[in-house]
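The values are calculated or read from the model by the stated rules, or taken from the named source; none is laboratory data. None of these values were measured; they are calculated from a predicted model. Cβ atoms come from the backbone with ideal geometry, glycine included; neighbour counts cover every protein chain shown. These accessible areas exclude ligands, DNA and RNA; they are computed on the full protein's heavy atoms, side chains included. Shrake-Rupley method; radii C 1.70, N 1.55, O 1.52, S 1.80 Å.
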Amino acid sequence: MTKIGKSYFKNRSSLVLESGLLKVTVMPIGGRITSIIRKDRKKEYLVQQQSTEHISGKYDGKYVGCGPGGFDDMFPCIDECFYQDYPWKGTKVPDHGELWGLNWDYRINESSVEMSVNGIRFPYLFSKSISLVSEDTLSINYFVKNLSWFNLDFIWTAHPMFITEENLEILLPEDCCRAINVLNFSQIFNRYGQEFNWPDYEDNNGTIHNLDKFRNLKNGSCEKYYFKNKLKEGWIKLIYPSCGSAVTINFPVEKIPYLGILMDKEYFKDKLSYIIPEPCTAPYDRLDLAKSCGNSSTLSAKEILKWNMDITIE
């Protein structure tokens with residue numbers, strides 16, 4: 001049976017969902033899932049801010065400078081850019097989207113926490129229902145509605161920052177075999193847009209890099225890439241050898257057809273190390289790039305889109 005109640009997390013109001021095995025903490029500030037703990041293992045799986053008090057996001061601020069951590073939803077895109085088409089042509093989309101810098105409305109039900117927020121520069125309603133559907137599984141049901149009579153281009157991207165460890169293993173569907181580099185911070189890739197084989201990548205020096213292991217990264221390195229083709233299966237598994245546990249993420253490929261992977265080992269000034277599996281509606285972090293490559297996602301006038309994501313701590 002799930003217990004749901006109010007609490008405090010780093011001196012901020014929070015909501016807690018708790019089963020026999022999991023304890024999940026959610027904050028109305030930013031709609032962020034800040035903590036997922038497997039109680040019998042006494043293990044936290046989400047990256048935590050290093051400050052003693054929670055640092056809240058600021059609307060239209062820089063995500064990296066506003067205390068990243070936990071699990072945010074990126075919408076209507078990730079990278080700061082300008083909307084291309086009428087009637088919002090020239091409107092700036094904030095860095096990492098609008099949602100993480102806003103206060104969300106919430107309601108506690110018998111078995112779930114319902115959260116919602118309205119767009120600021122774009123007319124939409126974004127909501128999610130968070131529940132523990134079994135002792136070891138967190139389920140998130142999403143709902144987004146275009147409130148206007150115009151089509152709205154968007155990218156939704158899950159942004160869960162999972163803790164890493166040496167030899168962390170990444171398991172993906174078999175069709176995740178060809179990827180495209182989208183960051184220039186990596187110490188092994190040559191350029192933005194470079195295509196390569198996954199998981200065994202051979203660099204220009206003939207060195208083989210096993211991209212399905214976190215040990216591949218050197219200190220001060222950050223990599224991000226998207227798999228080139230739409231997924232045929234929607235799942236990701238992270239295996240933690242130190243404690244014999246695994247995180248499995250499941251999502252519907254008919255709604256969420258793309259996947260990105262970001263791995264960071266103390267590159268940014270906060271010196272955090274993490275892995276972010278990024279199921280998404282469209283790749284490349286920017287609306288204009290996704291559209292130019294024919295991979296964009298669009299909400300038609302007044303359209304409603306629903307999807308779900310399950311996270312199991314095995």
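Figures for the structure shown
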| item | result |
| --- | --- |
| Cα pair distances in segment 9-81, grouped into 5 Å bins until the bin that holds the longest one, percent each | 3, 14, 25, 24, 16, 10, 5, 2, 0 |
| Sequence ranges 278-290, 196-208, ranked by mean other-Cβ count within 10 angstrom, highest first | 278-290, 196-208 |
| Kirkwood-based Rg to Rh ratio, segment 18-146, C-alpha trace | 1.01 |
| Over the chain: helical MRE at 222 nm, DSSP H runs n ≥ 4 each giving -39500 (n - 2.57), nearest 500 | -500 deg cm²/dmol |
| Quarter of the Cα convex hull surface for the chain, i.e. its orientation-mean projected area (nm²) | 15.2 |
| Fraction of accessible area attributable to carbon and sulfur, the chain (%, probe 1.4 Å) | 47 |
| Estimated dipole of the chain in Debye, rounded to 20 [Cβ of Lys and Arg +1, of Asp and Glu -1, Cα centre] | 680 |
| For segment 186-249 and segment 33-69, distance of Cα centres in Å | 23 |
| Around Asp85: net Lys/Arg minus Asp/Glu count, Cβ-Cβ under 13 Å | 0 |
| Translational D in µm²/s for segment 93-170 (Stokes-Einstein at 10 °C, 1.306 mPa s, Kirkwood Rh from C-alpha pairs) | 106 |
| Dipole magnitude of segment 182-283, debye to nearest 20 (Cβ charges: Lys/Arg +1, Asp/Glu -1, about Cα centre) | 160 |
| Rotationally averaged projected area of segment 76-221 (alpha carbon convex hull; nm²) | 12.4 |
| Geometric extent, Cα atoms of segment 193-240 - Rg, Dmax (angstrom) | 12.4, 34 |
| Set of segment 129-148 residues, backbone N closer than 14 Å to the point 7 Å along the Cα-Cβ line of Asp310 | 131-141 |
| Under 14 Å from the Cα of Lys306 - aspartates and glutamates, other chains or at least 8 residues apart | Glu254 |
| Rg/Rg_globular for segment 206-289, with Rg_globular taken as 2.2 N^0.38 Å and Rg from C-alpha atoms | 1.21 |
| Rounded, prolate or oblate (a/c below 1.5 giving rounded, otherwise prolate when a/b exceeds b/c) for segment 74-136 by Cα gyration tensor | prolate |
| Among Leu132, Asn210, Tyr267 the positive-end extreme of the charge dipole of the chain (Cβ point charges) | Leu132 |
| Dipole magnitude of segment 35-193, debye to nearest 20 (Cβ charges: Lys/Arg +1, Asp/Glu -1, about Cα centre) | 300 |
| Lys pairs under 17 Å by Cα in segment 1-103, provided they are eight or more residues apart or on distinct chains | 9 |
